[in-house]
Amino acid sequence: MSEELLRLENLSIDYKVKDGYLSAVKDVNFTINKGEIFAVVGESGCGKSTVAHSIMNLLPGGNEEITGKIIFKGRDLRTCTPAEMEQIRGKEIGMIFQNPLDSLNPVYTVGGQVEEAILLDKVDKQEAWNRVIKLFKDVKMPDAEERVNSFPHELSGGMRQRVMIAMALSRNPELLIADEPTTALDVTIEAQILEIIKELKEKFNTAIMLITHNFGLVAEVADRIAIM
């Protein structure tokens with residue numbers, strides 16, 4: 001029997017507006033088990049990314065009202081303090097954001113940025129750098145040893161997305177949230193990124209919450225699918 005990792009119970013999110021509240025998410029319920037790819041599919045604007053950001057406690061603005069539960073490994077994340085969530089983000093739950101160019105610092109090499117995440121776990125610097133190169137190879141980055149020294153603007157969209165996947169996996173999280181990881185990529189690169197995600201799930205036994213508006217794109221890689 002599969003072991004439950006994440007469970008959302010009647011999750012609703014409303015934003016305060018001038019005349020009251022605007023409902024962004026209403027009564028979302030689903031579970032994600034360890035080591036599975038769980039796809040959340042829905043049209044743009046239906047609240048998929050809002051759900052993902054609420055799990056990470058990264059909703060912007062501070063004007064939201066949340067009800068329901070977000071249970072991760074038996075603990076309601078909504079009861080966690082900011083300091084506790086900082087320990088969970090990256091280490092236990094990783095996230096790939098929609099636009100990698102916005103998420104990467106333009107003045108630092110991509111390898112250095114991935115290394116920075118690994119060093120949070122008090123790893124020796126040389127060991128951390130070796131792990132960066134290995135991660136780049138795991139995500140099938142061409143010429144990995146050279147690309148670690150590249151800056152974000154020197155990489156294609158597909159390569160930047162590979163960097164983001166490597167960064168999200170750098171601390172071996174149990175759950176990886178991939179928010180529209182193939183946005184703005186052509187269909188060939190889309191297929192490659194999804195195949196990489198599928199292979200990494202098998203290799204690391206990481207549970208993956210895959211968010212997309214394209215049902216056909218994930219039908220072959222997902223173990224289970226929820227429609228929003």
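The values are calculated or read from the model by the stated rules, or taken from the named source; none is laboratory data. Here the structure is a predicted model, which means the values were calculated and not measured. Glycine also receives a Cβ, built like all others from the backbone with ideal geometry; neighbour counts cover every protein chain displayed. Calculation scope for accessible area: heavy atoms of the full protein, side chains included, ligands and nucleic acids excluded. Shrake-Rupley method; radii C 1.70, N 1.55, O 1.52, S 1.80 Å.
Could you identify the single residue in ALA52, ALA83 that is open to solvent by less than 70 Å² (accessible area, probe 1.4 Å), among the aliphatic types (A, V, I, L, M), outside any strand (DSSP E or B) and free of Cβ contacts under 8 Å to residues at least 12 places away in the same chain?
ALA83
Out of everything in region 26-48 that is free of Cβ contacts under 8 Å to residues at least 60 places away in the same chain and not in a loop (DSSP other than H, G, I, E, B), what residue ends up being least open to solvent (accessible area, probe 1.4 Å)? For region 26-48, the residue satisfying everything is THR31. Examine region 117-135 for a residue that is surrounded by 14 or more Cβ atoms within 10 Å (Cβ to Cβ) and closer than 18 Å to ALA52 by Cα, and state whether such a residue exists. For region 117-135, residues surrounded by 14 or more Cβ atoms within 10 Å (Cβ to Cβ) and closer than 18 Å to ALA52 by Cα: absent. Among the residues making up region 86-99, a single one is assigned to a loop (DSSP other than H, G, I, E, B) and of a type in the set (Asp, Glu): GLU92. Could you check, for region 100-109, whether at least one of its residues is surrounded by fewer than 20 Cβ atoms within 10 Å (Cβ to Cβ), closer than 20 Å to VAL28 by Cβ and among the hydrophobic types (A, V, I, L, M, F, W, C)? The answer is no; no qualifying residue exists. The set of residues in region 55-80 that are in contact (Cβ under 8 Å) with a residue 60 or more places away in the chain and open to solvent by less than 70 Å² (accessible area, probe 1.4 Å) comprises ILE55, MET56, GLY68, ILE70, ILE71, PHE72.
Scanning region 141-169 for residues that are in a helix (DSSP H, G or I), within 22 Å of ALA128 (Cα to Cα) and without any contact (Cβ under 8 Å) to a residue 24 or more places away in the chain turns up ALA144, GLU145, GLU146, MET159.
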